[in-house]
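Rule-based calculations on the coordinates, nothing more; no lab input. Keep in mind that this is a model prediction, so the values were computed, not measured. Cβ: placed from backbone, ideal geometry, glycine included. Neighbour counts: every protein chain shown.
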Protein chains: 2
Amino acid sequence: MIRLAPSWVLPVEPAGTVLDEHSIVIDGERIVSVSPHDEAARSHPDAQVVELPDRVVMPGLVNTHTHAAMTLLRGFADDLPLLEWLENRIWPTEARWVDEHFVREGTLVACHEMLRGGTTTFNDMYFYPGEAVRSAVQAGMRVVAGILYVAAPTRYATDEQESIERGIAAADEWSNVPGVTFMLAPHSTYAASVASWERAGDLAVELGVGIHTHLNETWGEVERHLAQHRRPSVQWLADHGALSPTFLAAHAVHMDSHDIAVAAEFGVCVSHCPSSNLKLASGFAKVQQMLDAGLTVGIGTDGAASNNRLDMFQEIRTAALLAKAVARDGAAVDAHTALRMATLDGARALGLDDLVGSIRPGKQADLIAVNLSSDDAVPRYDVASHLVYVCGRGDVTDVWVAGRQVVQDSVCRTVPAEEIRQRAAEWRDRMAPA
Amino acid sequence: MIRLAPSWVLPVEPAGTVLDEHSIVIDGERIVSVSPHDEAARSHPDAQVVELPDRVVMPGLVNTHTHAAMTLLRGFADDLPLLEWLENRIWPTEARWVDEHFVREGTLVACHEMLRGGTTTFNDMYFYPGEAVRSAVQAGMRVVAGILYVAAPTRYATDEQESIERGIAAADEWSNVPGVTFMLAPHSTYAASVASWERAGDLAVELGVGIHTHLNETWGEVERHLAQHRRPSVQWLADHGALSPTFLAAHAVHMDSHDIAVAAEFGVCVSHCPSSNLKLASGFAKVQQMLDAGLTVGIGTDGAASNNRLDMFQEIRTAALLAKAVARDGAAVDAHTALRMATLDGARALGLDDLVGSIRPGKQADLIAVNLSSDDAVPRYDVASHLVYVCGRGDVTDVWVAGRQVVQDSVCRTVPAEEIRQRAAEWRDRMAPA
């Protein structure tokens, strides 16, 4: 048993709460209690005490949309129009280089960065999902892997069906490993076939998983869908039986009021990726409007090729700031809301909210400690707003996943920094434009 | 003489350049040469060599708009609509607490944060400018202080004229101190009197200074100006003879094509404050359109009460990302452009581009070294895009102002961290809501 004794606890549930001088007692992988220090000390006198002065303990961050292995392509091509970036730079490079090896090592580099920055769960969508899972397990991270498929042949699979089968095989292989779950991951309405979309809902139910896809990321995508299918994409997905509370729409930038209403009717979840949406000039997601409509909105980094950081603190800050200007309301997406989006709402979007996303007895001990008193962060008035607007990932000092400490004093204990530096350098030398 | 020997130099001039394995030789406060390591070693064999492996040296960042002393109000009131924030929280607190002491100590806290984050020059606008200058000089920072005035009586001055006179007296007092300049700083078109605006242009010429003001920050401000004065604010300022290449408009969020054309005609400069414009829900400045029109656009943090970081790396990243979505073009404000805005263009906006803002022989040695190879920043393909999209202020290791090293290995040598922690805590305890 371990008793964490920070200056503050931000449990996310109940909403808007900050607890002063409370302890969190952990037994194995689970949270046992949250109570004042003295009470916790009396109840659990034998627990090993971890003093965390000047720190707040909050739930580990949930990154609801990324392509972790693409970390090897961090900054590979920037400042380009979307299609030129994708078609001339990213896709040819992927076609040439992406194999099991790339995915395993790229994901390991990503996990190291994410863990150090306070992310304990990530929702991945990439080729060779089994290899991504292997690295996540090695790093001690919670992962939701995508059974990715696209209609076109890739290096990974000769056709859509093979891609689905490879993903299902990976899901079977990892089905008994704690902390590993899968989602069906048709790339998008445009890149997966119509036939595959017609059966996606049924297949997801059959497999007992949710659906994770890119949706309405760019204006061009929305227009082309309408021209081709004579119905807006959200309605089209509803008509094909794909939508449900386990459907996760990544980006969801271009959602009009009707799209939002249909999505809300089916309880659809959204992964908001603010940095990526700006960097690729996709546009401004209407986050406050989606929240008001009752949608569950998590936060995601997207891949490092379009961000170029896997930094949930950066995304929380950007999400909170951007939502205010988009809604023309300085009170939109306040600090507690932004923190809930990055934790409990993200967990809900991944079907994991019974396990993680808030600090409650019985839940998994996915926790992070954040220093609120760095020399660049004085003075401090409010714990929640400090976390969102002042702190950054550099202030994360300790991270636990399912009760196991994976980051201590800002050092990742599961993946040696030297290893990720070496792997990254090797891939860079291989792939860098001459 | 000192020879800095980093892995890369990003000189800002010539545009788009990154020099591999070049040295910068500094003699006293000035840059003497930029040349390949071996050539520099031969030419200056006696120079003290500072090896900077994995680091890029670039010009110190220029923060073109802040209210440094408000750092003591960092996070004092967040997530509120603008008017409630300003009228119910910020103004009453300022009226009660802001005196010479507040400005001196708040500015010192701000300088510590800015220097550690790579900012070497700041353009300040606040009460008691002489006290802000005192702290900047103590910290070893370059400062442009505002001769601030508003029409209403404040604790600082009983009327506008007294405010102007106090500012001019401070400018006279500091007129012979290197690194200190002043600008005339009418708060805004709405808060300074019409009479003061009628003579602002002449007064600035008489004093030999530029004009720094808040302009078109909110939509309400634009509408009220039009209703009251029957002319858009930019045209109104032009008609009053206030506009010139030494006129710096902070925020400039709501600028239509006519406003931009008039501003361009007079060579007006802009301080773009992306985080603050989002946080206060002010809106989206048309940065690429202003650049295309020929305006000089620098970058600013605004005060810590509306950001809540004085972090130019954060603003550079946000400026580059946001401009793309606003312009609907992933190629808008590319990495080199964003870095130039934060250095040379900022220096030009403050009338300091002959002295600082680029790495050129003869210029002042205002330089920063940034680590491009932190464990969260691998791999690396492109120096400029890495600086903008991957790095953060935590990667700044060393800072020089006028050849004097003020930050070494991330520690500020001019202001003890212990002192700023203590000052910030004292003011917090005094001012915190009960």
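Across peptide B:318-328, the mean count of Cβ atoms from other chains lying within 10 Å of each residue's own Cβ comes to 6.
Quick test of the membrane-span-like rule: which DSSP H helices of chain B reach at least 30 Å along their long axis (C-alpha atoms) with mean Kyte hydropathy at least 1.0? Long hydrophobic helices here: none detected.
Close amide H pairs (under 5 Å, H built 1.01 Å from N) link B:D54 with B:S7, residues at least 5 positions away or on another chain. Seen from every direction in turn and averaged, the convex hull around the alpha carbons of the range A:225-277 projects onto 3.8 nm². Working note: Karplus 6.51/-1.76/1.60 with θ = phi - 60° gives the range B:354-369 the couplings 6, 9, 9, x, 8, 9, 9, x, x, 7, 4, 7, 9, 9, 9, 10 Hz, where Gly and Pro are set to x. Taking every Cα-Cα distance in the range B:188-333 and sorting them into 5 Å bins starting at zero, the pair-distance distribution P(r) comes out as 2, 10, 19, 23, 20, 15, 8, 3, 0 percent.
Using r as the Cβ-Cβ distance of B:W97 and B:R328, and R0 as 51 Å, what FRET efficiency do you calculate, to the nearest 0.05? According to the calculation, E is roughly 0.70. Once the cut-off is 49 Å, how many percent of the Cα-Cα pairs in the protein assembly as shown end up in the long-distance tail? Across the protein assembly as shown, Cα pairs with separations above 49 Å total 18 percent.
Going by average Cβ neighbours within 10 Å, how do the peptides B:59-70, A:120-131 rank, with the highest at the top? Please list the in-between numbers first.
Numbers: B:59-70: 29.9, A:120-131: 26.4.
The packing order, highest mean first, is B:59-70, A:120-131.
Amide H contacts of B:H212 (H built 1.01 Å from N, in plane; Pro and chain starts excluded): B:L184, B:A185, B:L248 sit under 5 Å, all sequence-distant by 5 or more or on other chains.
Counted by neighbouring Cβ atoms within 10 Å, the residues B:C412, B:C111, A:C391, B:C273 run from fewest to most as B:C412, A:C391, B:C111, B:C273.
Between A:R224, A:R30, A:R360, the GNM of chain A built on Cα springs shorter than 10 angstrom shows A:R224 fluctuating the most.
Among A:R348, B:R155, A:R116, the ranking by other beta carbons within 10 Å of each residue's beta carbon, starting with the fewest, stands as B:R155, A:R348, A:R116. Spatial offset of the range A:73-111 relative to the range B:58-104 amounts to 42 Å, using the alpha carbon center of each. Counting pairwise Cα distances across chain A, what percent come out greater than 30 angstrom? Result for the distance tail: 40 percent. Measuring nothing but alpha carbons in the range A:154-251 and taking Rh as the Kirkwood radius, the Rg to Rh ratio lands at 0.98.
What's the extension gain from B:H37 to B:M431 if we count 0.36 nm per residue and subtract their Cα-Cα distance? Before the final figure, lay out each step's value.
Numbers: separation 394, 0.36 × 394 = 141.84 nm, distance 5.26 nm.
Contour length minus the Cα-Cα distance gives 136.6 nm.
A cut-off of 5 Å between modelled amide H atoms, ignoring neighbours fewer than 5 places along the same chain, links A:V270 with A:A249, A:T296, A:V297, A:G298.
When A:V144, B:V209 are sorted by how many other C-beta atoms sit within 10 angstrom of their C-beta, beginning with the fewest, the order is B:V209, A:V144.
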